[in-house]
Amino acid sequence: MPETTNPMRKKWFRNYVIVMTAAIAILLVLLFAKEPADTPKETVEAEGIPANTVTADISAKTGLRETAGEALEMVSEADTLSQDGVFFIRDSRSRGKGGFESTLTCVPEYGKELNIRIKNNGSSGIIIVNVTRGSHEYGFVDVKAGQSITRTFHMADGSGVSGDWKVYLTTQDGHETDFNIAAEQH
């Protein structure tokens with residue numbers, strides 16, 4: 001009797017290996033073929049750019065960094081603001097440990113552009129800056145010691161900037177910070 005069950009076991013084992021190999025292959029294909037969930041896709045047509053062409057990468061057509069609903073962002077190393085708009089934060093200096101947070105409410109009548117400039121006055125360390133509009137986070141941007149950046153936001157339809165915004169600054173390692181920040185809509 002044991003001689004007749006041995007071929008059955010071999011056949012069963014062979015089928016088991018084939019099924020498991022196929023299952024693993026399918027899972028690997030699904031894993032590597034799927035686009036990451038955190039890659040935003042835009043469905044708004046912005047300034048002649050066809051829908052679904054603006055992603056988190058910098059667009060070669062506009063230089064815009066990211067799309068979030070109707071708000072577009074551009075990051076630059078410009079060191080000055082226009083000085084002719086409405087200031088939410090007027091070139092304030094902050095020193096110490098811990099994070100910095102400020103909220104802004106933009107209305108279209110104030111202008112078509114929101115600029116947030118951060119200058120890291122420290123001699124070492126990196127400050128990381130996150131900006132949110134409503135529930136959308138534009139992500140953290142690094143500001144190295146001695147450098148400054150300006151995060152600029154526009155509405156995709158060309159109207160004035162609107163909505164509730166939040167600026168949050170912190171560090172990854174908890175070092176003492178020394179920075180200037182300004183926020184202006186014009």
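The values are calculated or read from the model by the stated rules, or taken from the named source; none is laboratory data. Source: prediction; values computed, not measured. Cβ coordinates were reconstructed from backbone atoms using ideal geometry, including for glycine residues, and neighbour counts include every protein chain displayed. All accessible areas refer to the heavy atoms of the entire protein, side chains included, with ligands and DNA or RNA removed. Shrake-Rupley method; radii C 1.70, N 1.55, O 1.52, S 1.80 Å.
Odds and ends about this structure:
- Residue in the stretch 124-138 that is open to solvent by less than 20 Å² (accessible area, probe 1.4 Å), more than 23 Å from E70 (Cβ to Cβ) and touching a Lys or Arg at 6+ places or on another chain (Cβ under 8 Å) present: no
- First in the stretch 105-118 and aromatic (F, W, Y), second anywhere and in a strand (DSSP E or B), Cβ under 6 Å, 6 or more apart: Y110/V86; Y110/Q185
- Pairs with Cβ under 6 Å, 6+ apart, first in the stretch 156-184 and at negative phi, second open to solvent by 30 Å² or more (accessible area, probe 1.4 Å) and among the acidic types (D, E): A156/E70; Y168/E101; N180/D91; A182/D91
- Exclusive hit being more than 15 Å from V75 (Cβ to Cβ), of a type outside the set (G, A, S), open to solvent by 10 Å² or more (accessible area, probe 1.4 Å) and in contact with a Cys (Cβ under 9 Å, 6 or more places away or on another chain), set D157, D178, D91, D164: D164
- Applying a threshold of 8 Å to beta carbon distances and a minimum spacing of six or more residues, or different chains, the list of pairs starting in the stretch 119-136 at a residue that is over 20 Å from S92 (Cβ atoms) and ending at one that is open to solvent by less than 50 Å² (accessible area, probe 1.4 Å) and of a type in the set (F, W, Y) reads R133/F153; R133/W165.
- Test: residue in the stretch 4-20 that is open to solvent by less than 100 Å² (accessible area, probe 1.4 Å), within 30 Å of E70 (Cβ to Cβ) and modelled with pLDDT under 75: no
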